[in-house]
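Worksheet: the structure to be examined is printed underneath.
The values are calculated or read from the model by the stated rules, or taken from the named source; none is laboratory data. Only a predicted model underlies this, so the values are computations on that prediction, with no experimental measurement involved. No Cβ is skipped: glycine too gets one built from the backbone with ideal geometry, and neighbour counts run over all protein chains shown. Remember, those area values only see protein heavy atoms, side chains included, never the ligands or the DNA or RNA. Shrake-Rupley method; radii C 1.70, N 1.55, O 1.52, S 1.80 Å.
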Amino acid sequence: MRLLQLHTDFVEYCPVSKEIAQAEQDVSKEKVHLEDIVVTLVAIENGDDERLAKTAADEIRTYLAKLKTNRILIYPYAHLSSDLAPAESAIAVIKSIEKFARASGFDVYRAPFGWTKSFAVQVKGHPLSENFKHLLNSSDISATLASTPTGVLDGPREKVSVALSEEEKLESTWWILEPNGKMSPVADYDFKPSDMKLRNFVNYETAKRRAADEQPSHIKLMKGLGIADYEPASDPGNMRFYPKGKLMKSLIEQYVSREIARYGGMEVETPVMYDSKHPSMESYFNRFPARQYGLTSDNHRQLFLRFAACFGQFLMAKDFMLSYKHLPLRLYELTRYSFRREKSGELSGLRRLRAFSMPDCHAFCMDINQAKEELLKRFNLSSTVINSIGLSTSETLEMAIRFTQEFYNENRDFVIKLVGKFGRPVLVELWKKRSFYFILKWEFNFVDSTGKASALSTDQVDIENGSRYGIEFVAENGDKKNPVILHNSPSGAIERVIFALLENCSEMGTKGVKPSLPLWLAHTQVRIIAVGTRHLDKCKQICSELTEQKIRSDIDDRDESVSNKIRQSEVEWIDYTLVVGDKEIEAGVFVVRKRNQGQHTKVTISQLIDEIRLRTKGMPYLPLNLPAYLSSRPIIMA
RNA sequence: GGUCAUGUAGCUCAGCCUGGUUAGAGCGAAGGUUUUGUAAACCUUAGGUCGUGGGUCCAAAUCCCACCAUGACCUCCA
């Protein structure tokens with residue numbers, strides 16, 4: 001038997017229709033509304049009996065005593081278990097629980113068994129407001145313990161997130177907003193040929209339908225190019241990065257961090273784990289309890305791994321002495337990692353992970369006006385960053401803006417201005433009322449060839465956490481006020497950026513273009529091939545010269561034919577391949593093979609340097625993190 | 001989380017349906033020959049708990065069950 005107990009402000013449910021033949025009879029279809037009550041969601045499993053019903057009643061009594069309340073709603077809820085008992089015995093056990101609970105003198109309500117019900121519930125925010133138990137008959141316990149890897153039967157793994165179901169049931173409408181300010185319902189919008197990706201994106205977001213397709217193409221590339229791979233010894237969604245992938249990841253991270261520093265972000269570092277009972281943490285923790293990695297430390301202290309940098313930065317900002325003169329205050333951290341225990345079926349390659357690196361930049365603003373002004377700056381920042389990385393806002397990405405009706409009514413011009421900056425029609429999700437801590441958020445979404453959308457850059461306007469975390473600044477008139485907080489990631493998760501770049505490459509491939517990654521992210525920018533061993537000294541000399549100019553090059557010194565070495569260079573998607581033999585050494589002019597042009601050009605080394613420096617201008621450089629000689633390099637991927 | 005599919009050498013895969021000698025190939029690796037001119041030189045050798053654990057059977061990579069991992073889809077309902 002599985003019990004999920006929720007201490008709620010209110011619960012509402014309404015039987016809609018019978019789900020199974022054995023459903024209870026004579027059920028009123030009236031909506032039921034109960035306030036200040038413990039909702040006990042219960043799933044009866046195979047082997048559960050009246051004895052266990054008694055145990056459950058004891059469990060409920062203990063919980064109610066802790067909460068100092070005596071009102072309870074017993075609510076049959078199948079999703080808690082994958083080993084459900086047959087309906088007849090389940091209903092008998094549930095009725096027994098009800099009987100025992102009444103006998104304890106509680107005010108007991110029970111929702112009907114076997115019915116489809118709509119329901120709404122508002123869980124109180126306190127740490128004890130959610131409680132999960134997996135109850136077993138004593139004879140079964142040892143067997144179950146033995147078959148459970150950790151020997152632990154309950155814990156956050158089993159929790160059902162009420163916030164998530166709220167998210168799913170959120171009432172919203174979908175629109176297309178054009179840069180000229182024209183807003184039309186999605187159904188009325190006339191998609192032009194240039195809006196193909198937008199239409200795919202809209203389909204994905206509004207229909208929530210996922211077309212049947214094969215495995216995402218970036219997975220093959222991430223392995224084949226030696227970028228990243230699964231690590232079976234870890235939890236799903238925790239990846240390993242090989243040297244080439246690590247270099248690429250570090251370069252992107254450095255670039256994003258540098259641009260945020262230029263914008264004015266103060267880089268900080270905050271802990272990866274937090275006390276789930278800390279008063280400031282409740283609101284966040286309880287929002288997605290089912291998606292946390294939990295762990296226990298000394299003294300049975302319950303900790304959870306952060307899923308964003310918000311906590312650390314908010315707790316830090318709370319301790320700052322802030323005046324309106326300091327605002328907007330910009331804090332930045334690149335989390336390695338943020339953790340989200342996404343449902344296992346939602347993980348996919350580098351697209352969605354459980355541990356990911358997230359640039360997270362918060363701006364604490366005086367008021368909504370300053371926040372709007374700041375949001376525009378950050379839009380420019382995000383736009384510059386994502387375009388420079390190689391994901392184009394004019395071709396590759398689609399924008400979504402989501403806001404409340406109230407915000408739109410008061411800030412219509414501002415919203416249109418934002419869309420104008422993007423320059424193409426965007427998808428709008430209009431919320432009737434605010435259900436989250438933010439009143440507006442926008443994202444750039446990458447739509448892959450299979451029509452799936454993933455958010456990259458994003459910013460949000462948060463009007464709730466300033467007060468929730470007790471962050472205060474002294475206003476011009478001397479009053480203490482809470483700031484409006486913006487949550488921005490200019491690039492989105494770094495792993496997801498790599499996902500998008502790789503998916504982009506495979507799209508190039510289907511269009512007949514040789515796929516290639518941006519030159520500044522290539523592990524090897526120039527591959528130098530020695531025709532014979534006697535040319536190796538010259539190769540080494542060229543390699544040093546390029547390294548001095550901050551160009552990554554390596555030398556294929558293997559005992560292989562020139563053709564074979566050329567092929568190897570192509571397989572590794574290396575942009576420039578230089579063959580060094582007698583002719584070149586004599587003339588001082590080299591024939592370079594350019595991958596993206598598929599042809600050979602005669603160049604001097606200094607011309608080659610100039611070209612590469614031009615193509616990588618303004619982007620960070622890191623030295624090659626592999627041996628320069630291919631003969632001493634391990635084979636990471638075939 | 002559920003359903004389905006997949007898991008065989010470092011990599012990519014064949015064999016499984018219809019159980020039966022020492023489980024195959026290509027790439028890669030090692031040793032040797034070759035000193036190479038723009039997408040794969042030649043020869044030889046090594047390399048496998050057939051995802052893990054149970055079961056059926058005289059016999060299991062092959063059939064059955066459970067678990068693990070990956071992928072796709074679904075996540076309605078007690």
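Grab the strands (runs of 3 or more DSSP E) fully contained in region A:1-91, keeping just those with 2 or more residues being under 23 Å from residue A:103 (Cα atoms), at pLDDT 85 or above and assigned by TED's automatic domain parsing to the domain that holds residue A:122.
A:32-43, A:71-76
Looking at region A:170-185, is at least one residue modelled with pLDDT under 85, within 12 Å of RNA strand B (Cβ to nearest atom) and open to solvent by 50 Å² or more (accessible area, probe 1.4 Å)?
no
Could you list all residues from region A:526-554 that are of a type in the set (Asp, Glu) and either outside the structural domain of residue A:593 (by TED's automatic domain parsing) or open to solvent by 20 Å² or more (accessible area, probe 1.4 Å) (or both)?
A:537, A:545, A:548
Among the residues of region A:257-273, is there at least one that is within 16 Å of RNA strand B (Cβ to nearest atom) and either open to solvent by less than 40 Å² (accessible area, probe 1.4 Å) or modelled with pLDDT of 90 or more (or both)? Steps first, please.
Just the residues of region A:257-273 that are within 16 Å of RNA strand B (Cβ to nearest atom), to begin with: none.
The answer is no; no qualifying residue exists.
Touching a residue at least 40 places away in the same chain (Cβ under 8 Å) and within 15 Å of residue A:1 (Cβ to Cβ), is that true of residue A:109?
Spelling it out, it is not the case that residue A:109 is touching a residue at least 40 places away in the same chain (Cβ under 8 Å) and within 15 Å of residue A:1 (Cβ to Cβ).
From the residues in region A:561-593 that are more than 6 Å from RNA strand B (Cβ to nearest atom), open to solvent by 20 Å² or more (accessible area, probe 1.4 Å) and free of Cβ contacts under 8 Å to residues at least 60 places away in the same chain, which one is nearest to residue A:616 (Cα to Cα)?
Looking at residues that are more than 6 Å from RNA strand B (Cβ to nearest atom), open to solvent by 20 Å² or more (accessible area, probe 1.4 Å) and free of Cβ contacts under 8 Å to residues at least 60 places away in the same chain, I get A:589.
What's the number of the condition residue A:59 fails, among (1) in contact (Cβ under 8 Å) with a residue 60 or more places away in the chain; (2) acidic (Asp, Glu); (3) within 13 Å of RNA strand B (Cβ to nearest atom)?
Going through (1) in contact (Cβ under 8 Å) with a residue 60 or more places away in the chain; (2) acidic (Asp, Glu); (3) within 13 Å of RNA strand B (Cβ to nearest atom) one by one, residue A:59 breaks only (3).
Out of everything in region A:482-525 that is open to solvent by 20 Å² or more (accessible area, probe 1.4 Å) and among the small types (Gly, Ala, Ser), what residue ends up being farthest from residue A:327 (Cα to Cα)?
A:512
Residue pairs, Cβ under 9 Å, 6 or more apart or interchain, first in region A:528-544 and without any contact (Cβ under 8 Å) to a residue 12 or more places away in the chain, second open to solvent by less than 100 Å² (accessible area, probe 1.4 Å) and part of a helix (DSSP H, G or I). List them.
A:534/A:582
Residue by residue, here is whether (1) at pLDDT below 95; (2) out of contact with any Gly (no Cβ under 8 Å at 6 or more places or on another chain); (3) outside any loop (DSSP other than H, G, I, E, B) holds:
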| site | (1), (2), (3) |
| --- | --- |
| A:597 | yes, yes, no |
| A:607 | no, yes, yes |
| A:612 | no, yes, yes |
| A:617 | no, yes, no |
| A:620 | no, yes, no |
| A:635 | yes, yes, no |
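Give all pairs with beta carbons closer than 7 Å in which a residue from region A:228-251 that is closer than 24 Å to residue A:633 by Cβ meets a residue that is part of a strand (DSSP E or B) and of a type in the set (Phe, Trp, Tyr); count only pairs at least 6 apart in sequence or on separate chains.
A:228/A:241; A:239/A:230; A:249/A:241
When only residues in region A:92-119 that are assigned to a helix (DSSP H, G or I) and of a type in the set (Lys, Arg) count, which is nearest to residue A:23 (Cα to Cα)?
Per the stated criteria, the residue is A:95.
Pull out all pairs, ordered by first then second residue, where Cβ-Cβ is under 6 Å, the residues are six or more apart or on different chains, the first lies in region A:619-632 and is within 16 Å of residue A:547 (Cβ to Cβ) and open to solvent by less than 70 Å² (accessible area, probe 1.4 Å), and the second is away from RNA strand B (no atom under 13 Å from the Cβ) and in a loop (DSSP other than H, G, I, E, B).
Short answer, once both residue conditions are applied: A:621/A:550; A:624/A:552.
Can you report the number of residues in region A:336-355 which are more than 26 Å from residue A:318 (Cα to Cα) and either assigned to a loop (DSSP other than H, G, I, E, B) or under 12 Å from the mean Cα position of the chain (by Cα) (or both)? Working first, answer last.
Of all residues in region A:336-355, those more than 26 Å from residue A:318 (Cα to Cα) come to A:341-355.
Filter once more, keeping what is either assigned to a loop (DSSP other than H, G, I, E, B) or under 12 Å from the mean Cα position of the chain (by Cα) (or both): A:341-343, A:346-355.
Residues in region A:336-355 being more than 26 Å from residue A:318 (Cα to Cα) and either assigned to a loop (DSSP other than H, G, I, E, B) or under 12 Å from the mean Cα position of the chain (by Cα) (or both): 13 in total.
Looking at (1) farther than 26 Å from residue A:227 by Cα; (2) modelled with pLDDT under 95; (3) not polar (S, T, N, Q), find the lone condition where residue A:572 falls short.
(1)
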